[in-house]
Amino acid sequence: MNVEIIKDNIQNKNFMMLFASAVFMCGILGCFYNSAIISGAIITTILTILLYLRIFDIKKIILFVMIFYAGFFLTFFKTQNYDSLVQYTPAKIELTGRITSIPKKNEYNKIKFILETNTVDKKELKAKTLVTISDAQNLKQPLNIGENISLSGNLRKPFTSTNPSQFDYSAYLRNFNIFTTLYAQPEDITILKSKTSYKWKFLGKLNETRNRILDTHSKYLKSPNLEILGGIVFGDDAISPPDYIKNSFINSGLLHILAASGMNVALIYTFWFFILRFLGVPFKPRVLSGILIIILYTLMTGLGASVIRAALMLIFVLIGKLIDRDAHSIALLSFVAALMLIYNPAYINDVSFQLSFMVTLGLLLSVNVISEKLPDVPDWIKVPIIIPIIAQIWVAPIQMFYFNSFSLYSIFANIATVSLLSIISFGGFLSSVISIFQPLADFTCFTFDFYLNILLNILVWISNFFANLKYCLLQTTHPSIIQIIIYYAMIVGATFLFKYNKFKQAFLTILTVSAILFITTVRPVSHNLEIIAFDVQNADSFLIKTPANKYFMIDTGKAPYQSGNSQAKIIMLKYLKDRGIKNLEGVIVTHFDNDHSGGTTEFITGTKVKTLYLNSTKTDTQTGADIYKAVRQNHQRYKIAQNNKEIYHEKDFKITTYKANITGKDESNGNSIITLVSYKNFDMLFMGDAGIEAFNQVKNNIPHDVEVLKVGHHGGPNVVDNDMLEHLKNRISLISTGINYFGHPNKGTLDVLRNTEILRTDLLNSVKITSDGNSYKTYSYSPDKKKYQAISAFQIK
């Protein structure tokens, strides 16, 4: 290919703006993730190569360096790492302040909103906190954006990522300069009468109008159609759809439909423009009214990142049309991205921002190139097919990165719904706009909803059809940033070659890079024993990787509280998905206390468990009943653990279970499955919640010289004594615990263990132990470094 063609493409306006925007983003990311040196080195290397090849002159190089540092220092000065409200955590406090986000209610009757504080415990203090109101149906009157309120509640720090692969909620909230969360009840809230600026009056009135329109629609649309229409027209903060609909749309690859997006902006404007043209309205009034429609829709949806991006792009294009100036699409996209990031650099961490811009970039780069190669196919056939295919290609790595999944039939589902969605979007928006005028609201919603109901039923049917096909949602590993960059470079390169009819080279590029990506997903095999103690607060969950790379779980953490997610889902299963682990040789549930067995049903349904080991057939606890129900529904193989029974072995490695026979008030904890993991000369004993009495019953079968003891009952009282330590002679004592009201770990227990090295998950986060059978090492997880760091190493005598 002619080198001049490559230079011309690099030096044109579209590429220059895109490259400048990418350099600006690198500066922002360097600040957010403390990687300024690495980011700067990458940019410097790229710029040096471009200078050497004489593609850029020194002036442009200096300009791009300035853009990089502009992104870095803008982020540094616009973001916070701390606010004064943090010093009050954890505590019950009284606040006054203004609601600055639309209160969002979920199906579990919880309401969440951002509160900008004025006073804390009657002292003036400006900060932000995320408020969660339980039992929202008991509120005396609805809450609205812009209102001043007083409330009291429990102030907490949001959880951080103390395990590998765990979502860092505190980092997420920092994007909004929020460093605390507050939990309150309806009776703790009072709406205050005070002066409100025109800005908050307008936003409050807009939200009231939106809620009134949704109430009118609810007379003629029932769940889930009401929630789907609400998401399409008003954004995902309008009304939460039921979980079964979310799951259906996730599996079919249509989840984006449930939230207003840039596609909706384009569809609504297109319909509006062509209707006015059909009515004979002149061009300029059509464009001006279209701009107003876009602004109104953007405000109605709650200003989501993808909607803002599409709205700004379309408005700039339309303004260009009014003044007879053509906009360069990729240059405009890059400009809008930079504009949004200047306003709020934290947008770069927003998944919807990332998806929206990458998909739009992909469409702008590829649609015309492919369409031109199919001149004989009418646009009305090829465009609805090409767009979903390209969108899926460009969204795939981001979807895998965040969700560890790939929807196999997403392309077909989107092709089947694109025309349907355009009608629903415009019909829902138009009926809602007309319904602003209250006398027309009932008749308008009644008329439109009659037809929309039919279309929404078809949409749900299509989603369910694809969602119920075999292999609809494939579980994937967690791609690295480098792999994602290589993937997108491959797609851009292949598109470029395709444009100039270099089909063979494009195919070879895709084939070669795909092979590289596949090879880089293969992880080096370790033949060491690896044990991970997940930080699940005052609960237990351990992953054992055998030398032959088989996997066992011992306990599964806590069940979800009300509308929350279980620890199994957000910590352990996320870890397994990131590493492509789908099969477990066994799951040992030591007993049916919620803090040990709460996530078991998630493992039964979310992985392939060869054998489930339980300590009892009793179903007198909720978790016990739930586990046996899941066992029956999923035909899960299970066994009741026996005392001194070897349940698994491979060369030089075995797992043995022990079980005492305790009666009385400590029966539940005392009859926990006790597990011994042995590899050559290394042994680790897991006590579950069992204590001294249970150990004394089974100790004759337990070897001496155990290297690591997982202390029973989170280090509570009566779980270890000097005789037990004399028998085990363990060097390390591991305690899985966190914030609790039981006094764990007990001071007396810590005193007994004082001559051993004590590893506590509440102090060290997740703990990892590795052994080659003759030595072992311990590690703790560092949230800042995002990896395990060494603590100690021992040779086994």
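Can you tell me which residues in segment 747-762 are in a loop (DSSP other than H, G, I, E, B) and either within 20 Å of V677 (Cβ to Cβ) or open to solvent by less than 50 Å² (accessible area, probe 1.4 Å) (or both)?
L753, T756
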Yes or no: segment 571-586 includes at least one residue that is acidic (D, E) and over 20 Å from the mean Cα position of the chain (by Cα). yes
Taking segment 155-188 only, how many residues are farther than 16 Å from Q537 by Cα, open to solvent by 60 Å² or more (accessible area, probe 1.4 Å) and of a type outside the set (K, R)? 5
Before we move on, is L276 surrounded by fewer than 22 Cβ atoms within 10 Å (Cβ to Cβ) and either over 30 Å from L29 (Cβ atoms) or modelled with pLDDT under 85 (or both)? yes
Among the candidates M313, M263, which residue alone is open to solvent by 50 Å² or more (accessible area, probe 1.4 Å) and under 22 Å from N368 (Cα atoms)? M263
Could you list, in sequence order, the residues of segment 197-210 that are loosely packed, with under 15 Cβ neighbours inside 10 Å and either more than 24 Å from D442 (Cα to Cα) or not basic (K, R) (or both)? S197, Y198, K199, K201, F202, E208
Residue within segment 607-620 that is farther than 25 Å from S405 by Cβ, without any contact (Cβ under 8 Å) to a residue 40 or more places away in the chain, of a type in the set (D, E) and not in a helix (DSSP H, G or I) present: yes
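Hey, does segment 429-442 have a residue that's aromatic (F, W, Y), crowded, with 18+ Cβ neighbours inside 10 Å and either out of contact with any strand residue (DSSP E or B) (no Cβ under 9 Å at 6 or more places or on another chain) or outside any helix (DSSP H, G or I) (or both)?
Within segment 429-442 (the criterion being aromatic (F, W, Y), crowded, with 18+ Cβ neighbours inside 10 Å and either out of contact with any strand residue (DSSP E or B) (no Cβ under 9 Å at 6 or more places or on another chain) or outside any helix (DSSP H, G or I) (or both)), the answer is yes, since at least one residue qualifies.
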Answer with yes or no whether F401 is within 30 Å of S252 (Cβ to Cβ), open to solvent by less than 60 Å² (accessible area, probe 1.4 Å) and either touching a strand residue (DSSP E or B) at 6+ places or on another chain (Cβ under 9 Å) or basic (K, R) (or both). no
Is at least one residue of segment 517-529 assigned to a helix (DSSP H, G or I), open to solvent by 60 Å² or more (accessible area, probe 1.4 Å) and either free of Cβ contacts under 8 Å to residues at least 40 places away in the same chain or under 30 Å from N661 (Cα atoms) (or both)? yes
Condition check: within 22 Å of Y402 (Cα to Cα) and crowded, with 18+ Cβ neighbours inside 10 Å. Does D540 satisfy that? no
Kindly indicate whether Q567 is modelled with pLDDT under 95 and on the phi > 0 side of the Ramachandran plot. no
Looking only at strands (runs of 3 or more DSSP E) that lie completely in segment 629-735, which have at least 1 residues being free of Cβ contacts under 8 Å to residues at least 40 places away in the same chain and closer than 24 Å to N774 by Cα? 645-650, 653-658, 674-679, 682-686, 732-735
Test N583 against the criterion of being open to solvent by 20 Å² or more (accessible area, probe 1.4 Å), touching a Phe, Trp or Tyr at 6+ places or on another chain (Cβ under 9 Å) and either within 20 Å of H478 (Cα to Cα) or at pLDDT 95 or above (or both), and give yes or no. yes
From the list F412, F426, F406, pick out the single residue that is touching a residue at least 40 places away in the same chain (Cβ under 8 Å), crowded, with 16+ Cβ neighbours inside 10 Å, among the aromatic types (F, W, Y) and in contact with a strand residue (DSSP E or B) (Cβ under 8 Å, 6 or more places away or on another chain). F406
Going by what's in this entry, would G715 be described as in contact with a Ser or Thr (Cβ under 9 Å, 6 or more places away or on another chain), under 30 Å from P90 (Cα atoms) and not β-branched (V, I, T)? yes
So, in segment 29-45, exactly how many residues are open to solvent by less than 60 Å² (accessible area, probe 1.4 Å) and part of a helix (DSSP H, G or I)? 8
Taking segment 585-601 only, how many residues are out of contact with any helix residue (DSSP H, G or I) (no Cβ under 7 Å at 6 or more places or on another chain) and under 12 Å from Y613 (Cα atoms)? 3
Quick one: would you say L364 is open to solvent by 50 Å² or more (accessible area, probe 1.4 Å), over 26 Å from L459 (Cβ atoms) and in a helix (DSSP H, G or I)? yes
Confirm whether F686 is at pLDDT 95 or above and over 37 Å from the mean Cα position of the chain (by Cα). no
Do the conditions hold for I191, that is, is it open to solvent by less than 20 Å² (accessible area, probe 1.4 Å), aliphatic (A, V, I, L, M) and over 20 Å from Y108 (Cβ atoms)? no
Of the listed residues (D578, D626, D593), the one being open to solvent by 30 Å² or more (accessible area, probe 1.4 Å), more than 23 Å from V677 (Cα to Cα) and not aromatic (F, W, Y) is D626
If you take the residues in segment 596-606 that are outside any loop (DSSP other than H, G, I, E, B) and touching a strand residue (DSSP E or B) at 6+ places or on another chain (Cβ under 8 Å), which one is most open to solvent (accessible area, probe 1.4 Å)? E602
Tally time: how many residues in segment 46-81 are part of a helix (DSSP H, G or I), over 23 Å from K786 (Cβ atoms) and not small (G, A, S)? 23
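Might you let me know whether segment 82-103 holds any residue that is among the β-branched types (V, I, T), part of a helix (DSSP H, G or I), crowded, with 17+ Cβ neighbours inside 10 Å and on the phi < 0 side of the Ramachandran plot? Before the answer, list the steps.
Initially, segment 82-103 is screened for residues among the β-branched types (V, I, T), giving 86, 89, 93, 96, 99-100, 102.
Those left that are additionally part of a helix (DSSP H, G or I): 86.
Those still in the list that are crowded, with 17+ Cβ neighbours inside 10 Å too: none.
Checking segment 82-103: not a single residue is among the β-branched types (V, I, T), part of a helix (DSSP H, G or I), crowded, with 17+ Cβ neighbours inside 10 Å and on the phi < 0 side of the Ramachandran plot.
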Only residues that are more than 29 Å from the chain's Cα centre (by Cα), touching a residue at least 40 places away in the same chain (Cβ under 8 Å) and not in a strand (DSSP E or B): list them for segment 763-797, please. D772, G773, N774, I796
Out of all the residues in segment 69-79, is one or more over 18 Å from A346 (Cβ atoms) and not polar (S, T, N, Q)? yes
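The values are calculated or read from the model by the stated rules, or taken from the named source; none is laboratory data. Since this is a predicted model, take the numbers as computed values, not measurements. Because the Cβ atoms are built from the backbone with ideal geometry, glycine has one as well, and the counts that use them run over all protein chains shown. These accessible areas exclude ligands, DNA and RNA; they are computed on the full protein's heavy atoms, side chains included. Shrake-Rupley method; radii C 1.70, N 1.55, O 1.52, S 1.80 Å.
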